[in-house]
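*Asks:* One structure, as structure tokens, below. Some questions next.
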Amino acid sequence: MRHIIGILLQNEAGALSRVANLFSSRGYNIESLSVSATDDPTLSRLTLVTQGSDAVVQQIVNQLHKLIDVVAADNMTGEDHIERELALLKLRVKPASRDAVKNEVAQAGGKVLADERDYVVVELTSSEAAINELAQALARHGELLEVVRSGALAMSRQEPTLHVVQG
């Protein structure tokens, strides 16, 4: 089963490496990983996607809490959450198919960022499934040259689940 784990960790050298090592030492692959600054310059927010049973992922989350750099960790998979991914798609399109490509992109809620003579670059921020669907649709109109994806970003719809606990 696919799991999205949100982690708040100290913004220090090696912190990300320790989180990644926890997964690799248990033989679990990280499907996507996104790290960014927060409103607190001492903390970073990490969103990680992995596969595994509920029990095993819960065990990993428990182990994350034991890492010195981890301030908070939460498996958001079972929660009501918002999830988005950014994708940039570059494809070679024949002139006769350009309008069809632009229509597909507009219907998906995306944008054409570059409309060059030899290729088109498209941006879409949406769910993983919607991005996959658009990529397949665009491939029918031309040759997909390059795909760059951010991986999932997720945020709980509930009260903030990742926060510094004052104690």
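*Asks:* Where Rh denotes the Kirkwood radius from the mean inverse Cα pair distance, what is Rg over Rh for region 51-91?
*Replies:* Numbers: Rg = 14.6 Å, Rh = 12.7 Å.
Taking Rh as the inverse mean 1/r over Cα pairs, Rg/Rh reads 1.14.
*Asks:* Looking at the P(r) of the chain, how many percent of alpha-carbon pairs lie beyond 29 Å? Provide the component values of the computation, followed by the final result.
*Replies:* Details: 4600 of 13861 pairs.
It works out to 33 percent of all Cα pairs.
*Asks:* Sticking with this one: If you roll a 1.4 angstrom probe over the protein chains with everything in place, what fraction of the accessible area of the chain belongs to carbon and sulfur, to the nearest %?
*Replies:* Working: 4740 of 9580 Å².
Answer for the chain is 49 percent, counting heavy atoms of protein chains only.
*Asks:* Remind me, relative contact order of the chain in percent, using alpha carbon pairs under 8 angstrom and six or more residues apart? Please report the intermediate quantities before stating the final value.
*Replies:* Values: 313 pairs, mean separation 47.4, N = 167.
Taking the mean separation of contacting Cα pairs over the length of the chain, I get 28 percent.
*Asks:* With a 1.4 Å probe and all protein chains kept in place, how do Ser44, Ser24 rank by accessible area, largest first? Provide the component values of the computation, followed by the final result.
*Replies:* On the way: Ser44 10, Ser24 75 Å².
Heavy-atom accessible area, descending, gives Ser24, Ser44.
*Asks:* Just from its helices, what would the mean residue ellipticity at 222 nm be for the chain, if runs of 4 or more DSSP H residues each count -39500 (n - 2.57) and the sum is divided by every residue, rounded to the nearest 500 deg cm²/dmol?
*Replies:* Details: 4 runs with 47 residues, N = 167.
After summing the helix terms and dividing by the residues of the chain, the value is -8500 deg cm²/dmol.
*Asks:* Related question: For a protection proxy built on the mean count of beta-carbon atoms within 10 angstrom, sort 7-17, 33-43 highest first, please.
*Replies:* Answer by packing, highest mean first, reads 7-17, 33-43.
*Asks:* Provide the per residue accessible area, probe 1.4 Å, for region 52-167, rounded to a whole number of square angstrom.
*Replies:* Roughly 61 Å² per residue, with all protein chains present.
The values are calculated or read from the model by the stated rules, or taken from the named source; none is laboratory data. None of the values given here were measured: they were computed from a predicted structure. Positions of Cβ are generated from backbone atoms using ideal geometry, with glycine treated the same way; all protein chains shown enter the neighbour counts. The accessibility values were calculated without ligands, DNA or RNA, using every heavy atom of the protein model including side chains. Shrake-Rupley method; radii C 1.70, N 1.55, O 1.52, S 1.80 Å.
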